[in-house]
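In what follows, a structure is listed as structure tokens, so that the remarks can point back to it.
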Amino acid sequence: MREGRASRTAEHNALFRALESSLPESRRLFDDPLARAFLAWPLSLAARLGGAPGFRDFVPWFIDHRWPGVRTSVVARTRLIDDVIADSLHEQIEQFVILGAGFDSRAYRLPGLRSIPVFEVDHPDTQAVKRRALERVLPVSPEQVRFVASDFTRRDLESSMAAAGFRDSAHTFILWEGVTNYLTEDAVDTTLRWCSRASAGSLLLFTYVHTDILTRPDAFVGTKRLFAVLEKVGERFSFGIDPSQLGEFLSRRGLTLVSDLGAAEYRERYFHEAARRMQGHEFYRVVLARVGPSAIPRSSSSLSAMSGGRKVPPEPL
Ligand SMILES: C[S@@+](CC[C@H](N)C(=O)[O-])C[C@H]1O[C@@H](n2cnc3c(N)ncnc32)[C@H](O)[C@@H]1O
């Protein structure tokens, strides 16, 4: 990230969500009415164009043509994560944490998150921009949302979360979307170890990139242009995981793998036939894990939105 300014990749995601929200109800995967409020020029212009009837399909088409797979992957995973959260609420989640929240608006748009504390944790530079935008568009700030400004490289998550009222003993859902790939291995490790201190059975959903994108970028569609943009905005990919090592990676940190899905899988789930024509970003993965040595939930819960991924069968008690 560039010192003193909000994450640009967070803004890209907000643009993709704003464009999706401009589609007619019958065609869109979700409605994120706040997404547009987080955009600065020139992305605000792209969102406005995408909202005009003649350009609704052109703007997404242009983005997909220039940077294959990025937008469709973000849109499908946004819906996937919304669905996992909806599933998870059946198991009485008591608090929700969004690490590296960026311009995620789930605290304001998902009804299930209105009655529990939601901790929005982010780099101070991004969070300041988000809070200013929220002040402009939300007449009343929701009481349940607590903002925690924290830099994952500073190892201060434990103290800042405790100060914000995070309860170690509460059944928790921790979401860490779109962040690990921009961090150092040490920052990912420290943060996951903090997650693993949540109460046993708590849920952690995070995204990561296949480590091959770091070592063999040319093997993937569209990487050259993608990397050029990331370089320009100062947010390079710096961390990845080999999916075949994921279970072991998590268990060393006190976490148990529940399911792991790649972009081709979650795109197919939501875009159906059209997903066959969507290439690029297949290295971007969504993983669901539980805190503790077993994947058994504390009450019966199916979390069916993540089914179909590489699943680890629950261990017997
Ligand atoms: C691609 S955005 C993802 C935002 C959001 N979770 C989403 O999916 O749209 C990356 C986020 O990670 C945050 N981030 C990057 N490096 C960070 C760090 N060292 N400490 C805290 N947050 C960081 C940025 O501020 C930004 O909000």
message: Six or more apart or on different chains, Cβ atoms under 7 Å: show the pairs whose first residue is in segment 1-28 and in contact (Cβ under 8 Å) with a residue 24 or more places away in the chain and whose second is among the polar types (S, T, N, Q) and within 12 Å of the ligand (Cβ to nearest atom).
response: 1/7; 6/126; 7/126; 10/126; 17/78
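crowded, with 21+ Cβ neighbours inside 10 Å and not aromatic (Phe, Trp, Tyr) - does that describe any residue in segment 225-232?
Yes, segment 225-232 contains a residue that is crowded, with 21+ Cβ neighbours inside 10 Å and not aromatic (Phe, Trp, Tyr).
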field: Pair list, Cβ < 9 Å and 6+ apart or interchain, from segment 165-182 residues that are on the phi > 0 side of the Ramachandran plot and in contact (Cβ under 8 Å) with a residue 40 or more places away in the chain to residues that are in a loop (DSSP other than H, G, I, E, B) and not polar (S, T, N, Q)
entry: 165/117; 178/100; 178/102; 178/104
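Quick one: would you say residue 47 is in a helix (DSSP H, G or I), open to solvent by 20 Å² or more (accessible area, probe 1.4 Å), touching a residue at least 24 places away in the same chain (Cβ under 8 Å) and out of contact with any Phe, Trp or Tyr (no Cβ under 9 Å at 6 or more places or on another chain)?
Numbers: in a helix (DSSP H, G or I): yes; open to solvent by 20 Å² or more (accessible area, probe 1.4 Å): no; touching a residue at least 24 places away in the same chain (Cβ under 8 Å): yes; out of contact with any Phe, Trp or Tyr (no Cβ under 9 Å at 6 or more places or on another chain): yes.
Considered against the rule, which asks whether it is in a helix (DSSP H, G or I), open to solvent by 20 Å² or more (accessible area, probe 1.4 Å), touching a residue at least 24 places away in the same chain (Cβ under 8 Å) and out of contact with any Phe, Trp or Tyr (no Cβ under 9 Å at 6 or more places or on another chain), residue 47 comes out as no.
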Residue satisfying condition, being charged (D, E, K, R) and open to solvent by 20 Å² or more (accessible area, probe 1.4 Å), within set 17, 5: 5
message: Given the criterion within 16 Å of the ligand (Cβ to nearest atom), within 29 Å of residue 4 (Cα to Cα) and open to solvent by less than 20 Å² (accessible area, probe 1.4 Å), identify the matching residue among 106, 132.
response: 106
- prompt: Could you list, in sequence order, the residues of segment 109-124 that are part of a loop (DSSP other than H, G, I, E, B) and either surrounded by fewer than 18 Cβ atoms within 10 Å (Cβ to Cβ) or more than 10 Å from the ligand (Cβ to nearest atom) (or both)?
  reply: 110, 114, 115, 116, 117
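Report yes if residue 127 is within 22 Å of residue 191 (Cβ to Cβ), open to solvent by less than 10 Å² (accessible area, probe 1.4 Å) and out of contact with any helix residue (DSSP H, G or I) (no Cβ under 8 Å at 6 or more places or on another chain), otherwise no. Before you say what the answer is, go through the steps one by one.
Details: within 22 Å of residue 191 (Cβ to Cβ): yes; open to solvent by less than 10 Å² (accessible area, probe 1.4 Å): no; out of contact with any helix residue (DSSP H, G or I) (no Cβ under 8 Å at 6 or more places or on another chain): yes.
Judged against the criteria, residue 127 is not a match.
Restricting to segment 163-183, and then to whatever is part of a helix (DSSP H, G or I) and within 16 Å of the ligand (Cβ to nearest atom), can you tell me which residue is surrounded by the most Cβ atoms within 10 Å (Cβ to Cβ)? Show your work before the answer.
Step one: of segment 163-183, the residues part of a helix (DSSP H, G or I) are 163-164, 180-182.
Right, trim to within 16 Å of the ligand (Cβ to nearest atom) and you get 164, 180-182.
Numbers: 164: 17, 180: 25, 181: 23, 182: 21.
Ranking the qualifying residues of segment 163-183, first place goes to 180.
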message: Anything in segment 85-103 that is surrounded by 22 or more Cβ atoms within 10 Å (Cβ to Cβ), within 14 Å of the ligand (Cβ to nearest atom) and either basic (Lys, Arg) or touching a residue at least 40 places away in the same chain (Cβ under 8 Å) (or both)? List them, or say none.
response: 96, 97, 98, 99, 100, 102, 103
message: Please go through (1) touching a helix residue (DSSP H, G or I) at 6+ places or on another chain (Cβ under 9 Å); (2) over 24 Å from residue 173 (Cα atoms) for residue 207 and return the number of the only condition it doesn't satisfy.
response: (2)
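The values are calculated or read from the model by the stated rules, or taken from the named source; none is laboratory data. Every value quoted in this text rests on a predicted model; they were computed, and no experiment measured them. Quick reminder, even Gly has a Cβ in these numbers, built from the backbone with ideal geometry, and neighbours come from all protein chains shown. Heavy atoms of the whole protein, side chains included, go into the accessibility calculation; ligands, DNA and RNA do not. Shrake-Rupley method; radii C 1.70, N 1.55, O 1.52, S 1.80 Å.
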